[in-house]
Each structure stands twice: as C-alpha cells, then as structure tokens.
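The values are calculated or read from the model by the stated rules, or taken from the named source; none is laboratory data. Computed from a predicted model, the values in this text were never measured in an experiment. No Cβ is skipped: glycine too gets one built from the backbone with ideal geometry, and neighbour counts run over all protein chains shown. Note: areas computed on protein heavy atoms with side chains; ligands, DNA, RNA excluded. Shrake-Rupley method; radii C 1.70, N 1.55, O 1.52, S 1.80 Å.
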Amino acid sequence: MTSASPATHRPAPPTGWRRTLARLPIHLFRMGLGPLFGKRMLLLVHTGRVSGQARKVVLEVVAHDPEQQTWTIASGFGPQAQWYRNLRETPQATIQTGRRFRAVTARFPTPGEGGRIMAEYAPRHPRAAKALCSYLGFPADGSAAGYRAIGERIPFVRLEESRPR
C-alpha cells in the first residue's frame, strides 16, 4: 500500500465484560478443554516485558506447518498488542495446542511475507478473512492482490518449535 492510503483504524483491545469474555478461552485451555478449539487456536504463554511474569493469551492460528513445526499468528491489534510487544522483547515462549505444550521461539516475518501469508489464508477461510479485515478497518475486495496488500500491514509472528540440541 502506498503512503497516500488512509490510515487504518485498529480497534482498541476489549475492556470490561468484553475483556472477560475474550479471556474465557484461556480458562477453557486451563481446564483441559484445549482440544475443543481444534487446530485453529493456541494458548500462548509469554513473558511480560515489564513485570517478567507469565502472561497468557489465546490466538487464532493463521498457518501451521506440521513438518517444520511452526505456527503463524497475526496481531489484529497491531504492533502495540501487549503479547506482540512482549514477544519482541523475549521471543522464547510456550504454546499449548490441544493438550500438548511446546517450547517455541518467535520470529517476525517481513511485510512481504505477511502479504503472502494473508493471501494464502484468505482462500482457506474466506469468511474469517473478510470478517478480520472488516474488523481491522481494511477494505477487502476479496482478491488475492487485495489480501496480499492487507497482509503487508498486519504484523504476523511465526512460532518455531525449539528443538533440543
């Protein structure tokens, strides 16, 4: 996208009862109900950059490569999302998928890679892609080029399983 494109309005993170509702999946993972989310959601346990305390958030998996053991997630609230900022500071984290825990390291794809990720995600989950773009204030025309341009503006994170040496 060019610098002449309008600024994107990113929604504010939820507060009050909406925050409580948004955090409900964390409790479901804690209760051992992670398998209910299938492969579409994961629990990310990361380190707070100021407090040093463990922080948890449930996020949608945009892409998963079982051979490489990587999970790609998107920061819908942009680079100011707390979990995103925390991973920038301390990229080592733990994820839970289903009932399984894995140590991971966060990598940050370039905007070009983000465009490719979004262009590949949209045909697999067309309704979710359109809803996400609408929620984030991006005009989605449904084309691969349109999704690619939007993906260049969304911060993605690739979580790579840490393998023992």
Take residue 150 and decide whether it is in contact with a strand residue (DSSP E or B) (Cβ under 7 Å, 6 or more places away or on another chain) and either open to solvent by less than 80 Å² (accessible area, probe 1.4 Å) or closer than 25 Å to residue 19 by Cβ (or both).
no
So in region 1-20, with the set limited to residues that are among the hydrophobic types (A, V, I, L, M, F, W, C), part of a loop (DSSP other than H, G, I, E, B) and farther than 27 Å from residue 124 by Cβ, which one is modelled with the lowest pLDDT?
4
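Against the definition (modelled with pLDDT of 95 or more and over 21 Å from residue 39 (Cα atoms)), how does residue 94 come out, yes or no? It would help to see each step written out before you state the result.
Working: modelled with pLDDT of 95 or more: yes; over 21 Å from residue 39 (Cα atoms): no.
Against the criterion (modelled with pLDDT of 95 or more and over 21 Å from residue 39 (Cα atoms)), residue 94 does not qualify.
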Counting just the residues of region 123-142 that are hydrophobic (A, V, I, L, M, F, W, C) and farther than 18 Å from residue 71 by Cβ, which one comes out modelled with the lowest pLDDT?
136
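I'd like to know if region 114-122 contains one or more residues that are loosely packed, with under 14 Cβ neighbours inside 10 Å and either touching a strand residue (DSSP E or B) at 6+ places or on another chain (Cβ under 6 Å) or outside any loop (DSSP other than H, G, I, E, B) (or both). Break it down into steps so the answer makes sense when it comes.
Narrowing region 114-122 to residues loosely packed, with under 14 Cβ neighbours inside 10 Å: none.
No, region 114-122 contains no residue that is loosely packed, with under 14 Cβ neighbours inside 10 Å and either touching a strand residue (DSSP E or B) at 6+ places or on another chain (Cβ under 6 Å) or outside any loop (DSSP other than H, G, I, E, B) (or both).
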Among the listed residues 126, 109, identify the single one that is closer than 22 Å to residue 90 by Cβ and free of Cβ contacts under 8 Å to residues at least 60 places away in the same chain.
109
If I ask for residues that are modelled with pLDDT of 90 or more, assigned to a loop (DSSP other than H, G, I, E, B) and not basic (Lys, Arg), which ones from region 143-165 would you list?
143, 152, 154, 155
Of the conditions (1) surrounded by 15 or more Cβ atoms within 10 Å (Cβ to Cβ); (2) assigned to a helix (DSSP H, G or I); (3) out of contact with any helix residue (DSSP H, G or I) (no Cβ under 8 Å at 6 or more places or on another chain), residue 95 fails just one. Which one is it?
(2)
Checking residue 138 against (1) out of contact with any Leu (no Cβ under 9 Å at 6 or more places or on another chain); (2) in contact (Cβ under 8 Å) with a residue 24 or more places away in the chain: exactly one of these is not met. Which one?
(1)
Which residue pairs have Cβ atoms closer than 6 Å, lie 6 or more positions apart in sequence or on different chains, and pair a first residue in region 21-34 that is among the hydrophobic types (A, V, I, L, M, F, W, C) with a second residue that is part of a loop (DSSP other than H, G, I, E, B) and surrounded by 13 or more Cβ atoms within 10 Å (Cβ to Cβ)?
22/14
Residue that is least open to solvent (accessible area, probe 1.4 Å), among those in region 21-48 that are farther than 17 Å from residue 104 by Cα and not in a helix (DSSP H, G or I)
32
Restricting region 64-92 to residues that are open to solvent by less than 80 Å² (accessible area, probe 1.4 Å) and polar (S, T, N, Q), the one farthest from residue 129 (Cα to Cα) turns out to be 90
